[in-house]
Amino acid sequence: MADKQREISVSEFFAKNRHLLGFDNPRKALLTTIKEAVDNSLDACEEAGILPEILVEVHQLEEDRFRVVIEDNGPGIVKAQVPNIFGKLLYGSKFHSRRQSRGQQGIGISAAGLYGQMTTGKGPIIVSKIKRGKAHCFQIQMDSTKNKPVITRDDEVPDWHLKHGTRFEITIEARYQRGKGSVDDYIKQTAVSNPHAKFTYQAPVDKEEPRVYEATVTDVPDRADEIKPHPYGVELGELMKMLRVTNSRWLSGFLQEEFCRVGPKVAKEIIAKAKLGERSYPSRIAREEADALYRAIQDTKISSPPTTCLSPIGEDRIREGLMKECDADFYAVATRPPAVYRGNPFQIEVGIAWSKPGDDRLDVDDKGRIRKVKKKKGAFDTEDLLGNADEPVRLLRYANRVPLLSQQSGCGFTKAVISTAWKNYGLSQSKGAMPVGSAAILIHMASVWVPFTSEAKEAIAPYNEILKEVKLALQEAGRKLGVHIRKNKRVASEFEKRSYIEKYLPHVGIGLQEILGISNEEREDLVNTLHESMESTRKI
Amino acid sequence: MAAKKKVTKKVAKKVAKKKATAKESAQAASMRRAARAEVDQARADLRKVALDSIQEVATEVYKTGNAGGLPQMTMPQRNLANVTYDPKRGYFEMKGNLKTRTLDVNSVKTFAQTLRLMSLAKEMVSDEDFATKREAYYVSKNWGDAKFNEQRESDTVLDDIEGMFSIKDVTRETLRFVPEEHGGSVVGALTVIDRDPETLEEIRSDCAAMGSGAYTVPSSVDHLGFETTAKFVIAIETGGMFQRLNHHRYWRTANCILVEMGGVPTRATRRFVRRLADDLKLPIYAFVDCDPYGVCNIYRTLKVGSGSSAHVNRKFCVPTATFLGVTPDDIEEFGLMDATHPLLPVDIKRAKDALKNDPFFQAHPKWKKALNKMLKMGVRAEQQAFAKWGLNFVIEEYLPRKLRETKKFLP
């Protein structure tokens, strides 16, 4: 037995557990591959302060073989880093930094490469160019036992069409199908949450023109700051590790340097509570009194982490994004102030797009007259974002601007939507179910660390702090929606009542004409005057 | 000579007779002319009042509307809450609570329909025509959007119009709307004097000479004349009992007039009986089922009128009427307990409602007692229940016994 024990490489682990990373089936594999690449592209562009222009192409080669191309105008990647970024799992810049970004662990894109290699035998081809460098083209194979990239091709590309950027191309086994949770859906939802980015998407459908989602905002979102961990968010094991590896010689210094929101006063309080000396060696504590220190941290009042590390989408952009991609009658947006779960700052934003059932819209003019207005149809290709009036509302879930497309039922956001009383806001809802109506609810969580339920990043863990914030945001936007729906209903019933005037008032004129023998003109004048008087006494 | 004389005499007699006939017919003709002139004058007066009233209401609406205001129509409220009852006056009187209908989105349909029906009334008054309620309903079918969907709707509007004009002393009959329902049947020692609508010739109907049939009360009775030798009038609820009494010529035996009401008496029947009471000074006895409907609806309406027609009660009820039977006491006295049926929930509700809200029953302790007794017994008895003791028990025993003590009749 003993001689059979040996190390397992991450790549091998992935090869056997691909579902954990979102490659459970061919259809999902296609989506995950594109998603990981697009996420990286957006992150890279924003990091460099560039307005993203992203090209996504999907080409069908055989029944179940697809070539996927994702190209961005990002800053490009230094030549030496390319093989590691795309060919080594758990390699990346984001895992250790406490800053809001789309990617987290450094698994995604290399996992996509590994998946392609496993299903088709071909590794990814990467072309990248930095501003002051030459474009290089790599083809990479992965050694899954050693988790190391093997470069099979390394050419210089003389005239690449972009000044800077990265192109990722891979052939994978996949299946293309439209509908909920499809690549199309993902691109569209990404366009909603990133109104500053331009997407060009070529679907693997014959003779279909590439779809272009234009950017409607011209400034790059503010770059989020990087922060040190907050004491509340650190678990005992991690605290011990930090104590071991720190450069600080004193405990007090360690606390102040390694954590945010800890000054001399707070450090003193924590140390006193743990019954330790301010000048103790951190590495000694790691062995002996770490537990006491951990408890002392939990007992001490420490202010919340700074929120400059968060980059919410912003109310205007959410509204802009929804208006761009949803043909609705009403939009409501709500933003919560930043909050904290387990020491991680986060912020919740909510947007609702609601469309009046039926074909006509009623508008009230300054004089209080109500008119019927025909709805514009077909201006948007959005049937899929707003459902019918008798269907559950569409829930658009986002974490750090990335749409979450599957596992809706297992997501904390869904739980929060269901536990909100939508009847108060004019939507019907049966117990324990999503509200019903022609509407889309967008929920975005911005955080330095989003608590996904799995590495496939499909659902958010239902922490109480998060649920509470989401609910509060939903209620705030819901109230605005409720006001609008109620007004809409009032206007509709008022319109119906007023239609009686037009229907029956002429008969008042006829009756009077028959009795009094007045002329047709006098009758018309009377009816018009009465109509005016009746309309002017109505209020909405 | 003698023969000749005789002949001459005969001729002379004949001539004289002829002369007399001529004289008579001349007299009759002038009387007819006078009658016709009188009738014409009366009709013209009524017509003028009606037309003026319609004109007045319409002008008011037109003026207010043209001035930029919202026109209103005012009419009495038609319900029990708007009537008072004073036993000395004898009928339900309107308290004078008015309802005002202002033109707005909710009332515009009714408003239009009211004006259009008023226009119809104007046309009928001018043309001396008339329309039944049903016909008025069908006339509206030509009005497009403003048409009535059910006769109930047009009846309500007609009642409102009637109420509105009653304030100006114009009746529904004057507006030329006549009720659909025919009046009740009448038999007995009564001669009704009517006129031919075309020739205005006098027509005498002997209600004792109707064979197995009966005289039918016309929809308008104010022009009728009466002659009688009868001592009293019995107003009967059901056609069955009326036929039994008629078949056995009870009216001859008892020297009375029998009137069949057929449920709640129509206005014409009420007015007819009222005239028998007023003109002929006859006592009126009501003979109805012993149940809340017979007492609280049929008898109450006959005697004091109803809440919904409060504006016409003064003429359309019979305050002198008294209640012959069937009383709750009769059930015990005539051993009818095993010929009864239990009161239904609607019956109980009706009786309790009458005790609580009806000014008539509140004014008469005897009635309160009787209704409470009925509720306590929990049963109702029909007129026909006497058949338990034999088909003609009612003629041979019940009526004679009751009529011996008319003073004891319930008020």
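The values are calculated or read from the model by the stated rules, or taken from the named source; none is laboratory data. Everything numeric here is computed off the predicted structure, so don't read it as measured data. When we count neighbours, we look across all protein chains shown, and the Cβ atoms used for this are built from the backbone with ideal geometry, even at glycine.
Data overview
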{"read-out": "Residue satisfying all of: in region B:141-194; closer than 30 Å to A:Glu502 by Cβ and among the small types (Gly, Ala, Ser); farthest from the other protein chains (Cβ to nearest Cβ) among these", "value": "B:Gly163"}
{"read-out": "Top-ranked residue in region A:528-540 [being within 10 Å of chain B (Cβ to nearest Cβ) and not in a helix (DSSP H, G or I); ranked as surrounded by the fewest Cβ atoms within 10 Å (Cβ to Cβ)]", "value": "A:Thr537"}
{"read-out": "Any chance A:Pro229 is at pLDDT below 85, in contact with a Cys (Cβ under 8 Å, 6 or more places away or on another chain) and farther than 30 Å from A:Gln177 by Cβ", "value": "yes"}
{"read-out": "Residues of region A:142-168 classified as without any contact (Cβ under 8 Å) to a residue 40 or more places away in the chain and farther than 17 Å from A:Glu71 by Cβ, total", "value": "6"}
{"read-out": "Among residues of region A:423-455, those that are surrounded by fewer than 18 Cβ atoms within 10 Å (Cβ to Cβ), touching a residue at least 40 places away in the same chain (Cβ under 8 Å) and either under 19 Å from A:Arg479 (Cβ atoms) or of a type in the set (Asp, Glu) (or both), counted", "value": "2"}
{"read-out": "Scan of region B:351-386 for residues that are in a helix (DSSP H, G or I) and closer than 20 Å to B:Thr238 by Cα, ordered by number", "value": "B:Gln383, B:Gln384, B:Ala385, B:Phe386"}
{"read-out": "Strands (runs of 3 or more DSSP E) (entirely within region A:118-220) containing at least 2 residues that are hydrophobic (A, V, I, L, M, F, W, C)", "value": "A:125-129, A:135-143, A:148-157, A:165-173"}
{"read-out": "Residue within region B:58-75 that is in contact with a Pro (Cβ under 9 Å, 6 or more places away or on another chain) and aliphatic (A, V, I, L, M) present", "value": "yes"}
{"read-out": "Residues that are of a type in the set (Phe, Trp, Tyr) and in contact with a Leu (Cβ under 8 Å, 6 or more places away or on another chain), drawn from region A:167-198", "value": "A:Tyr176, A:Tyr186"}
{"read-out": "Complete set of residues in region B:60-96 that are within 14 Å of chain A (Cβ to nearest Cβ) and outside any helix (DSSP H, G or I)", "value": "B:Ala67, B:Gly68, B:Gly69, B:Leu70, B:Pro71, B:Gln72, B:Met73"}
{"read-out": "Subset of region A:245-257 that is at pLDDT 85 or above and not polar (S, T, N, Q) - its residue that is surrounded by the fewest Cβ atoms within 10 Å (Cβ to Cβ)", "value": "A:Arg249"}
{"read-out": "Failed criterion for A:Gly165 (all others in (1) on the phi < 0 side of the Ramachandran plot; (2) at pLDDT 85 or above hold)", "value": "(1)"}
{"read-out": "Boolean, A:Glu458 is surrounded by fewer than 24 Cβ atoms within 10 Å (Cβ to Cβ), within 14 Å of chain B (Cβ to nearest Cβ), acidic (Asp, Glu) and touching a residue at least 40 places away in the same chain (Cβ under 8 Å)", "value": "no"}
{"read-out": "Search result, residues across region B:49-73 that are touching a helix residue (DSSP H, G or I) at 6+ places or on another chain (Cβ under 7 Å) and surrounded by fewer than 14 Cβ atoms within 10 Å (Cβ to Cβ)", "value": "B:Thr59, B:Gly68"}
{"read-out": "Out of B:Ala136, B:Ala121, sole residue that is buried (at least 21 other Cβ atoms within 10 Å of the Cβ), farther than 15 Å from B:Ser309 by Cβ and within 12 Å of another protein chain (Cβ to nearest Cβ)", "value": "B:Ala121"}
{"read-out": "All strands (runs of 3 or more DSSP E) inside region B:226-330 with 2 or more residues being free of Cβ contacts under 8 Å to residues at least 60 places away in the same chain, buried (at least 21 other Cβ atoms within 10 Å of the Cβ) and not polar (S, T, N, Q)", "value": "B:284-287"}
{"read-out": "Residue count for region A:398-411, restricted to those that are without any contact (Cβ under 8 Å) to a residue 60 or more places away in the chain, under 27 Å from A:Asp222 (Cα atoms) and either part of a loop (DSSP other than H, G, I, E, B) or of a type in the set (Gly, Ala, Ser) (or both)", "value": "0"}
{"read-out": "Matching residues, region A:249-283, being aliphatic (A, V, I, L, M), more than 17 Å from A:Ile227 (Cβ to Cβ) and assigned to a loop (DSSP other than H, G, I, E, B)", "value": "A:Ala274, A:Leu276"}
{"read-out": "Meets criteria (out of contact with any His (no Cβ under 9 Å at 6 or more places or on another chain), hydrophobic (A, V, I, L, M, F, W, C) and more than 12 Å from chain B (Cβ to nearest Cβ)) for A:Phe452", "value": "yes"}
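Yes/no per residue for (1) in contact with a strand residue (DSSP E or B) (Cβ under 8 Å, 6 or more places away or on another chain); (2) surrounded by 20 or more Cβ atoms within 10 Å (Cβ to Cβ); (3) more than 8 Å from chain B (Cβ to nearest Cβ); (4) not in a helix (DSSP H, G or I):
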position: A:Arg486; (1), (2), (3), (4): no, no, yes, no
position: A:Val491; (1), (2), (3), (4): yes, no, yes, no
position: A:Glu494; (1), (2), (3), (4): yes, no, yes, no
position: A:Lys497; (1), (2), (3), (4): no, no, no, no
position: A:Lys503; (1), (2), (3), (4): no, no, no, no
position: A:Leu512; (1), (2), (3), (4): no, yes, no, no
position: A:Leu526; (1), (2), (3), (4): no, yes, no, no
